[in-house]
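Notes to accompany the following structure.
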Amino acid sequence: MAEGRDSTKDRSSSLTELFGLQYDATVACPWCGSESTRVSNPFGGTVSEMSMQCNQCKSVFGWMKWQDKLPGQ
């Protein structure tokens, strides 16, 4: 990675390029309740999970994909 690059911004841009805006939605953080969250990785620890990160408390958590629903649907 090039020196001085913002990896969070780069990751968000990459996700948007790969998946369009379908992942540009949020869910509430299970730790602090904030709805200011983002998809950190659309591929979580299992096939049915995506990794989310809270912008407020910085916690990372898994969000289960059920019935083809994405965050915010």
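The values are calculated or read from the model by the stated rules, or taken from the named source; none is laboratory data. All of these numbers come straight from a predicted model, not from anything done at the bench. Every residue, glycine as well, gets a Cβ built from its backbone with ideal geometry; the counts of neighbours run over all protein chains shown.
Among the candidates THR16, THR8, the residue that is exposed (fewer than 13 other Cβ atoms within 10 Å of the Cβ) and either modelled with pLDDT under 65 or of a type in the set (Ser, Thr, Tyr) (or both) is uniquely THR8.
Picking from residues in region 43-73 that are at pLDDT below 90 and hydrophobic (A, V, I, L, M, F, W, C), the one that is surrounded by the most Cβ atoms within 10 Å (Cβ to Cβ) is MET52.
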